[in-house]
Structures are given as C-alpha cells and as structure tokens.
Amino acid sequence: MASSTLEKSPYISQDDAHYFDFFRGQLVYELSGYSHSEFWLRIVPCESTLDRCALESVLAIGALSTAIRLAPQHSTQSTRRPSALHPWSVIVMANIHHEAAVRHYIKALALFRNRLEAEMNKASPRSLLIVSLLLITFELLQGDMKSADSLITRSITLLKHTLKLHRQEGLPHQVQAPRPLEDDLEDMEHLLPLISIMGGYTPFLLSQSSNIQLWDTTCGMDLLIADQPSISKLDVQWNKYHARAVAFIGATMNFRTLPLPQQRDIEEQKNLFFAQLRVWQIEIDSWCKGGETFVDPVQIRTLQIMQIQHQTLLICVSCCLDATDMIYDNFEAEFRVLLTRCVKYLRESRPTYLFTLSTSILSALLVVVNRCRVHNIRMMAAGIIRQIQWREGAWEPALMLNGKLGGVLMEERSRNKDGFIPSDCRWFWAATEWEAGRKQLIATYARAVPDASGQPVNKTLVLDPDKILDVCSDIGCLVDHDIEYLDLLSGIR
C-alpha cells in the first residue's frame, strides 16, 4: 500500500539504470543473506517503483556497492573497503560510483525529511519503515556507525506505535495504540528492532545497547507457528521470536542488581522462553525432515540458520542469569553441536557477498569464542571467523573477533594446572574506544566476578585493529585450529 503523496512510476535515468538493475538482480539476494523473507526480494523493489524516496535510496545502495567492489581491498585510507574504523565519507570520493551514491543518498534524505515535516501525521508507517531500513542500510554499508546509530534511534522513535515489540508505556499489552493496517507491515516490522538489538551487542552502535530497554520481551509471548504455509512465513515468525529472546538476554545483564520481585519476574520469563525453545525445536525439526525435498538452496540455508540460532539461544537463555559465567561449563556438548552446525553451513553455503543485513553464523561463533572455555572448541570458532569475509550489519568479523580475543587471552593465561579457568579470571568485552584512522583500538574488559567489596574489576588492552590477536602463540599452543584441516569435530578436546 503506497502513501497518497508518493509519485507514480519514478523515472530512472539511463546513467542510473545499471545501479537499479544491480540492486534488483544481485543485491537483494546479498542483503537477504540466509533469510527467505520477502522484504528485499519483493517489497523493496516494488516500493522503489512507486516511491521516489525509496528509489533514491535503492540507487544510493546500488552505486555504493558498485564503488566498494571496484575499490582495492588493501589500499590507502581513502579507497579501502569501508568499515567501522575506516568509514567512507563525502570528504574523499573513492570513484565516480561513490560520488553517485552520495548524490542519491542526499536526495533520499531530503525527500524523507520533507515528507516528515509536511505530513508526519499522514505518513504511511509502512513507507516510513521501508525507507528507514534503506537509509540505515546505506550508513552501515559505508561504515558510518555514528550516523547509522542515530538513524536507528530516530526511526524507532518515529515508528514506536507501529512496532509491536516496542514497549507501550502506560498501556497493557492487549490494549496497544491503534495503527493503520497495511499490507506486509506485520511481516517486516521486526526488522528494525532486530537491527537495533543485534547492534547493541557490538561496540559500534553505542545507543543501541541502552535501547535494549525499549523492547517489550513479554509482548506476544504466545507462539503463532502452527500451520505456517511457507518457509518465508516461518522465517518471519522465527525472527520475531529471536528478536524478543535476544532482547531478553540483553536485559538480564543487570539481573543481580534488581529488586527481588523483578528478579522473580525475569526468572519466570526465562522459564517461558526456555519452554518456547522446546516448541520451536519440534517445529524446526519437522521442517528440516520435510526439507529433504527442497530444491531451493535458500530454503535449506534458512532452516540451517534457524537451527544455529536456536542452539545459540538454548545455551544463552539457560545461562543468562549466572553472573559468574560458570554455568556455561556445563554446555560443552551444546557448544560442539553449535560449532558443527556453523561449519556445515559455511562449507555448504560459502557466501560470496561483502555485506548483508541478515544475522547468520557470526554472532553464534562469537558466543562460542567468548563463552566456551574448552580451548580447542573456542579457538576453532575463532579460526572460522578469520575466514569470514562479509559483514553482517554492524558486526564486522575481524574487529569483533579481536575484541573478544582480548578477554580470551586473559582467560587462557589464567588456566590452572587442571586446565580450569577460575571464576575470578573470566572476562567479557565491555567497551571500546577508537577514532577513524588511528592505529589502535582501546578495549575495556569487565571481570565476571567483582572484587571483595563488590566493586567491578576492569582491565584495558590496546589492540591493533589490523592484526588479530594470536592467543595460541602467546600460551604455547601448537594445535592447528584451521577447519580446512579438521574434518571431524567429534575429536575436539
């Protein structure tokens, strides 16, 4: 359903046609990643033929992606591929395609702002959501995390009465603010919360870690997965559940500081999430058994990622209320299964894209690196991440791995003679400081257990953003953890 203010059949010049064709013919699949959702494959291309603002955004993404592909991978600051530490900007243009990208993006922003100023009360929530996601995608793609962070927060504010996951302060869950019904809106409204929630687990979208409190993890807790007619619909339902579960895990970070009644509420929510994971297990297994007849590889990848994300949630929901991180030691078998599934996905899929908005195996592997204290398992996960060449939203594999490995290095140095890491030697990555162009990344780590007086214990490491820490060399481990040489995971020790 298009807004009444949208232009009919926006014109595409001959100079820009190849950007549109590139977006429609290739980028929609890359941005979708594993997902079988119709947002990129159908909704965005259709919207861009009706809405000038959406079209300018699509052309900007197409032109920027073209510019990135033509830029040398290892070169100067101005031409290397964009990242959180080396974002592209209007100050130095990489090539003519970068110039075209900036030109179209400025037009899209101007149209978007004019629409908000002219008809904020009449603007279509569906249209606002689509364009917001496109603008956020552009900023993430060019590595401008500060602008992406601001856009995400602004979009959440604009659409808070549309997003079912957003807390409706002062309103009971069943009496939320009314909103206009629009085609497809319910199938894509989870995309913005998911970007915000996953971004909050990185050091690059600083506002999103605090925005975790905006999401109502009890909203819509009854599962609606029965008789899903397609993988696409199942994917939407799973992503809604996945977003709530990941938000819940983030909200439990301060569990021990909460009043006792709130702690009991959170414990009840945890039990409910765990019960729902069992229901989802049955559903996903059922689809996987039927998946033997699937011919579309995207459907197979979608189910594989559901299995990976389900296994990750199973571990994290089980352990999220333990501030000492000790319970994770009881999940060695589950970590093995998770790692095996990630390896299987990587070997069968071999993604070739540079950037996707989907969440696939990167976040799951980083959980293994950070939370599994079996040395060979966590270091094999790190080895897999080293081979990942694509970015997932704000998740950059090399930067995220380096940050996690700082804590891993301190833990591995602290193993006792029995190979055990004591509770007062377990660390997690808490914060990062950096400036674009600087050759150092300052990472702060918090110890899982406070000191004797109850005060937090922090340590700071200065990391080289262009050189991943070599933990094994530091502790004298001679095992080759490269998965190219390890075909059987059952022998991990």
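The values are calculated or read from the model by the stated rules, or taken from the named source; none is laboratory data. Every value quoted in this text rests on a predicted model; they were computed, and no experiment measured them. As a convention, Cβ positions derive from the backbone with ideal geometry for all residues, glycine included, and neighbour counts pool all protein chains shown.
If a residue must be crowded, with 24+ Cβ neighbours inside 10 Å, among the polar types (S, T, N, Q) and in a helix (DSSP H, G or I), how many such residues does the range 128-148 contain? Going through the range 128-148 one residue at a time, the tally reaches 1. Selection of first residues in the range 386-404 that are under 13 Å from Asn370 (Cβ atoms) and crowded, with 20+ Cβ neighbours inside 10 Å and of second residues that are among the aromatic types (Phe, Trp, Tyr) and modelled with pLDDT of 90 or more, restricted to Cβ pairs under 7 Å at least 6 apart or on distinct chains, gives the following pairs, ordered by first then second residue: Gly403/Trp429; Lys404/Trp429. For Asn330, the conditions (1) surrounded by 15 or more Cβ atoms within 10 Å (Cβ to Cβ); (2) closer than 29 Å to Pro456 by Cβ; (3) among the polar types (S, T, N, Q) all hold with the exception of (1).
For the range 367-383, the criterion of being part of a helix (DSSP H, G or I), touching a residue at least 40 places away in the same chain (Cβ under 8 Å), under 17 Å from the mean Cα position of the chain (by Cα) and farther than 18 Å from His481 by Cβ is satisfied by no residue at all. Selection over the range 390-441 of residues that are modelled with pLDDT under 90 and assigned to a strand (DSSP E or B) gives a count of 5. Among the residues of the range 279-289, is there at least one that is within 21 Å of Asn254 (Cα to Cα) and either hydrophobic (A, V, I, L, M, F, W, C) or crowded, with 20+ Cβ neighbours inside 10 Å (or both)? Scanning the range 279-289 turns up no residue that is within 21 Å of Asn254 (Cα to Cα) and either hydrophobic (A, V, I, L, M, F, W, C) or crowded, with 20+ Cβ neighbours inside 10 Å (or both). Against the conditions (1) among the small types (Gly, Ala, Ser); (2) crowded, with 23+ Cβ neighbours inside 10 Å; (3) over 18 Å from Arg426 (Cβ atoms), Ser363 satisfies every one except (2). For Ile43, the test of being at pLDDT 85 or above, among the β-branched types (Val, Ile, Thr) and surrounded by fewer than 23 Cβ atoms within 10 Å (Cβ to Cβ) is passed. When the range 159-186 is filtered for residues that are surrounded by fewer than 16 Cβ atoms within 10 Å (Cβ to Cβ), in a helix (DSSP H, G or I) and at pLDDT 65 or above, only Glu186 remains.
Every listed requirement among (1) under 22 Å from Pro456 (Cα atoms); (2) at pLDDT below 90; (3) of a type in the set (Lys, Arg) is met by Arg350 save one, (1).
Each row is one residue, and each column tells you yes or no for (1) more than 23 Å from the chain's Cα centre (by Cα); (2) of a type in the set (A, V, I, L, M, F, W, C); (3) at pLDDT 85 or above; (4) surrounded by fewer than 23 Cβ atoms within 10 Å (Cβ to Cβ).
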{"position": "Gln14", "(1), (2), (3), (4)": "yes, no, yes, yes"}
{"position": "Thr79", "(1), (2), (3), (4)": "yes, no, no, yes"}
{"position": "Ile91", "(1), (2), (3), (4)": "yes, yes, no, yes"}
{"position": "Ile106", "(1), (2), (3), (4)": "yes, yes, yes, yes"}
{"position": "Phe112", "(1), (2), (3), (4)": "yes, yes, yes, yes"}
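Pairs are defined by a Cβ separation below 8 Å, a sequence spacing of at least 6 or placement on different chains, a first member in the range 326-355 that is closer than 16 Å to Val369 by Cβ and touching a residue at least 40 places away in the same chain (Cβ under 8 Å), and a second member that is part of a helix (DSSP H, G or I) and not hydrophobic (A, V, I, L, M, F, W, C); the pairs so defined are Tyr328/Arg371; Phe331/Ser318; Phe335/Arg371; Leu346/Gln387.
Those residues that are over 18 Å from Trp434 (Cβ atoms), part of a loop (DSSP other than H, G, I, E, B) and of a type in the set (A, V, I, L, M), I need them from the range 81-99; list them, please.
Val90, Ile91, Val92, Met93, Ala94
Restricted to helices (runs of 4 or more DSSP H) entirely inside the range 207-323, those with at least 2 residues that are under 23 Å from Asp184 (Cα atoms) and at pLDDT 85 or above are 231-251, 297-319. Close Cβ contacts (under 6 Å, 6 or more residues apart or on different chains) running from residues in the range 458-484 that are in contact (Cβ under 8 Å) with a residue 24 or more places away in the chain and surrounded by 11 or more Cβ atoms within 10 Å (Cβ to Cβ) to residues that are β-branched (Val, Ile, Thr) and part of a strand (DSSP E or B) comprise Asn458/Thr444.
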